[in-house]
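A short worksheet on the structure shown next.
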Amino acid sequence: MHAITDRQSLISALDCRERQFTEELIAEGGRIKRENVGTKTYLRGLIEISNKCRKDCLYCGIRCSNVQVERYEMSEEEIISCALKAMALNYGSICIQSGERCDKAFTDRISSIIRKIKALTDGRTGITLSLGEQSRETLMEWFEAGAHRYLLRIEASNPMLYRRLHPENSLHSYDTRLKTLYDLKEIGYQVGSGVMIGLPYQTPADLADDLLFLKNFDIDMVGMGPYIPHPQTPLAALQYPADGRRLELSLKMVALLRMLMPKINIAATTALEVLDKKGREKALAAGANIVMPNISPASSKSRYSLYDKKTSLSEDINLEDAEIGFGEWGDSLHFLAKRADIE
Ligand code: 5AD
C-alpha cells in the first residue's frame, strides 16, 4: 500500500467503507509500527487521582455541572501506594490523571507526589501527567520535580468544532489549550495530544485535519479514541456515528497516523474497549504501541466516569500475545531522535 499523506487521500481513506481497504490499511499500520518502533508494547499504569473538575466540557461525564457524580480525591498516600504497585508489577511508567484543577493546594500536592514517587523508586518510575491546562510556571515546577511526559488532548483541532463541544467562555478557550501544548514542548516534556473520534458535527475532513494537526505540531505521543456518549451530558442527545463506524474510524485513524508519524508512541485507548472487547488489541494491530492499564483503586475507578459504561469495563486486557516492555520507560523514539539532532 502506498503512503497516504495528503489531505484529500486521508479524507478518502477515512470515508471509504470497503472492508478490504480497511483491513489492508490496518495491516499496513501494524507493519509500519513493527518496522519503526518494534514489536514491544509499553505499559503506563493509569492512576485517576480525582474527578473534581473546574471545566464543563459538553461531552465529559465529570464536567462540573454533572451533580450526579460523587466527587473524590485520592490521598497522597493512596496515590503513592498505587505508583509503588505499578513498579512492583514492573510497568516502568505511570500516568497520573485528574479532572482539571489549578488551585495552589492541588499543584503543590502534585509536585510533592512526583518528588516522593521519584525518591521512593530511585528515579526509576517514568512519570506522565494528564492534568489539563496549567500555567507555564506550574508545568515547569512539575517538570523539575521529575515528570517528563504530559498528555493534553486538543480534543478537536478545528476551532469551530472545538467551540461546539465546549461552553463559550474563557475557561474553555481553544487558544489557551494550544498555548499550553506549546508551553509543554518548550519546557522539554515529551508531549502527547489527541482527539475524540466520531463526535457529533465531526466530518471526515475534520479527522483528516486532526491527523495533519498532530503531524504539524510534531507531537511525540498520541492518545485518541472513539467518542462514547455519557447520558448525563448535553452532547449525548446529539447524533453521532454508530458504534461499528466509530470503532472502524478509530482504528483507521491509528493506522493513518502511524503512516504519517512512524516513530511516535500511540496509545491503544480504553474507550475502544467500550465498543469492542478486543478494541485495544485491534488498535495494537493497527499501529498502537502503548497500553495504559488502570491501576486506580476500585472506588476511584467507578467514579471517574468520563463516558458511559466505563465503570463496567474489565481492565485485564489480554496481552498474552503481546510482547511487553516490562520495566522500561518506552519513551517516544520520535522525541529521542529530535533531541539527538539538537545535541
Ligand atoms: N467519550 C470519549 N472520550 C472522552 N473523554 C472525555 N469524555 C469523553 C467521552 N464522552 C476523553 C477526553 C479527555 C480524556 C481524558 O477523556 O478526550 O481528554
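The values are calculated or read from the model by the stated rules, or taken from the named source; none is laboratory data. Note that the structure is predicted; figures quoted are calculated from it, not measured. Backbone-built Cβ (ideal geometry, glycine too); neighbour counts: all protein chains shown.
Miscellaneous remarks
- For the range 127-147, the criterion of a residue being in contact (Cβ under 8 Å) with a residue 24 or more places away in the chain, under 25 Å from Met87 (Cα atoms) and polar (S, T, N, Q) is satisfied by at least one position.
- Beta carbons closer than 8 Å, at least 6 apart along the sequence or on distinct chains, pair a first residue in the range 60-86 that is over 22 Å from Ala271 (Cα atoms) and modelled with pLDDT of 95 or more with a second that is part of a helix (DSSP H, G or I) and small (Gly, Ala, Ser) for Met74/Ser300; Glu76/Ser112.
- Of all residues making up the range 5-31, the number that are among the hydrophobic types (A, V, I, L, M, F, W, C), surrounded by 20 or more Cβ atoms within 10 Å (Cβ to Cβ) and within 13 Å of Arg258 (Cα to Cα): 3
- Scanning the range 70-92 for residues that are among the hydrophobic types (A, V, I, L, M, F, W, C) and under 23 Å from the mean Cα position of the chain (by Cα) yields Met74, Ile79, Ile80, Cys82, Ala83, Leu84, Ala86, Met87, Leu89.
- Counting only residues that are within 16 Å of the ligand (Cβ to nearest atom) and of a type in the set (A, V, I, L, M), the range 116-153 holds 4 of them.
- Members of the range 243-265 that are within 15 Å of the ligand (Cβ to nearest atom) and without any contact (Cβ under 8 Å) to a residue 40 or more places away in the chain: Asp243, Leu247
- Among the numbered conditions (1) out of contact with any Cys (no Cβ under 6 Å at 6 or more places or on another chain); (2) modelled with pLDDT under 95, the only one that Ile295 does not meet is (1).
- Unique match (being closer than 25 Å to Leu333 by Cα and touching a residue at least 40 places away in the same chain (Cβ under 8 Å)) among Leu178, Leu212: Leu212
- Residues of the range 113-124 satisfying the condition of being over 15 Å from Tyr91 (Cα atoms) and either touching a residue at least 60 places away in the same chain (Cβ under 8 Å) or surrounded by 13 or more Cβ atoms within 10 Å (Cβ to Cβ) (or both): Ile113, Ile114, Arg115, Lys116, Leu120
- Within the range 276-293, residues that are within 17 Å of Asp243 (Cα to Cα) have Cβ atoms under 8 Å from residues that are of a type in the set (D, E, K, R) and not in a loop (DSSP other than H, G, I, E, B) in these pairs: Asp276/Lys282; Gly279/Glu273; Arg280/Glu273, counting only partners at least 6 apart in sequence or on another chain.
- Residue check: Cys95 meets all listed conditions (1) closer than 24 Å to Ala285 by Cβ; (2) modelled with pLDDT of 95 or more; (3) surrounded by fewer than 23 Cβ atoms within 10 Å (Cβ to Cβ); (4) within 19 Å of the chain's Cα centre (by Cα) but one, namely (3).
- Leading residue by the ranking (nearest to the ligand (Cβ to nearest atom)) among those in the range 210-237 that are surrounded by fewer than 19 Cβ atoms within 10 Å (Cβ to Cβ) and closer than 21 Å to Asp15 by Cβ: Phe213
- Restricting the range 190-209 to residues that are more than 22 Å from Ile4 (Cα to Cα) and within 16 Å of the ligand (Cβ to nearest atom), the residue that is surrounded by the most Cβ atoms within 10 Å (Cβ to Cβ) is Gly192.
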